[in-house]
Amino acid sequence: KLGARQLSLFDAFGLIEFAENANFRMLGEEFKTALFTGKKVLDSKRIKGESNLRALTSITMHILGAIILSHKLYPNEPVNNIHTLLEKLSHVFKNYFDKSFMYKFGNDTIELVFNSLSKNILYRNINNEILGHFYESTLFGETELDRERIRKEFGIYYTPKVLGDDIL
């Protein structure tokens, strides 16, 4: 900073907000693609029901979480095989990556959901705030009515931050 001689090309706060919104939108598109890929697999297997869609949503979030954790914990190891990654993470996070739940719809479902996610994204840049905002607002539809319908269909509900803070 050089006082009056300081050159200001942009507002840093605006840039940070722009980057967070870009990451949020990108993560939302990734999740949407993966979730609908999984739904196509369930449809092809004739697996129906609200509870199955909720399980698929959770499995998709777990897969996305596994990729984010992998990028943060093992930044120099590429994520090529979801089964190897889940095996590795299940030793560290035993209660979160439960095999009986993750493989509820078979190996192929997990592989197709995993492979639908972009391999060109540095998921280690996704922080808790972006992830929380993404999950709370999951943008799938053009209107709030569309988003609400899809959230209900897939069982996407969240705990408001205020309530979470009170519980903690």
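The values are calculated or read from the model by the stated rules, or taken from the named source; none is laboratory data. As the structure is a computational prediction, the values presented were derived from the model and not from experiment. Glycine also receives a Cβ, built like all others from the backbone with ideal geometry; neighbour counts cover every protein chain displayed. Calculation scope for accessible area: heavy atoms of the full protein, side chains included, ligands and nucleic acids excluded. Shrake-Rupley method; radii C 1.70, N 1.55, O 1.52, S 1.80 Å.
Among the residues of the stretch 111-136 satisfying the criterion of being surrounded by 14 or more Cβ atoms within 10 Å (Cβ to Cβ) and assigned to a loop (DSSP other than H, G, I, E, B), which is modelled with the highest pLDDT?
In this case the residue turns out to be 117.
Which residue, of 130, 121, is hydrophobic (A, V, I, L, M, F, W, C), over 25 Å from residue 41 (Cβ atoms) and out of contact with any Ser or Thr (no Cβ under 7 Å at 6 or more places or on another chain)?
Numbers: 121 fails: over 25 Å from residue 41 (Cβ atoms).
The unique qualifying residue is 130.
List pairs: first in the stretch 72-94 and on the phi < 0 side of the Ramachandran plot and touching a residue at least 24 places away in the same chain (Cβ under 8 Å), second assigned to a loop (DSSP other than H, G, I, E, B) and open to solvent by less than 70 Å² (accessible area, probe 1.4 Å), Cβ under 6 Å, 6+ apart or cross-chain?
Between residues of the stretch 72-94 that are on the phi < 0 side of the Ramachandran plot and touching a residue at least 24 places away in the same chain (Cβ under 8 Å) and residues that are assigned to a loop (DSSP other than H, G, I, E, B) and open to solvent by less than 70 Å² (accessible area, probe 1.4 Å), the close pairs are 86/97.
Looking only at residues that are crowded, with 16+ Cβ neighbours inside 10 Å and among the aromatic types (Phe, Trp, Tyr) in the stretch 61-107, which one is nearest to residue 27 (Cα to Cα)? Even if it seems obvious, please write down each step before you answer.
Residues of the stretch 61-107 crowded, with 16+ Cβ neighbours inside 10 Å: 61-71, 79, 82, 85-86, 88-90, 97, 102, 104-105.
Cutting the leftovers down to among the aromatic types (Phe, Trp, Tyr) gives us 97, 105.
Values: 97: 21, 105: 24 Å.
Across the stretch 61-107, the extreme among qualifying residues is 97.
Taking the criterion of being farther than 20 Å from residue 118 by Cα and not β-branched (Val, Ile, Thr), would at least one residue in the stretch 58-80 satisfy it? Walk me through how you get there before you give the answer.
Here is the first cut: in the stretch 58-80, the ones farther than 20 Å from residue 118 by Cα are none.
Within the stretch 58-80 (the criterion being farther than 20 Å from residue 118 by Cα and not β-branched (Val, Ile, Thr)), the answer is no, since none of the residues qualifies.
Restricting to the stretch 42-72, name every residue that is more than 19 Å from the chain's Cα centre (by Cα) and within 24 Å of residue 87 (Cα to Cα).
At the first step, the residues of the stretch 42-72 found to be more than 19 Å from the chain's Cα centre (by Cα) are 42-51.
Hit for the stretch 42-72 is 42, nothing else.
Suppose the filter is surrounded by 12 or more Cβ atoms within 10 Å (Cβ to Cβ) and at pLDDT below 90; does residue 164 pass it? Give the steps one after another, and end with the answer.
Working: surrounded by 12 or more Cβ atoms within 10 Å (Cβ to Cβ): no; at pLDDT below 90: yes.
No; evaluated as a whole, the condition is false for this residue.
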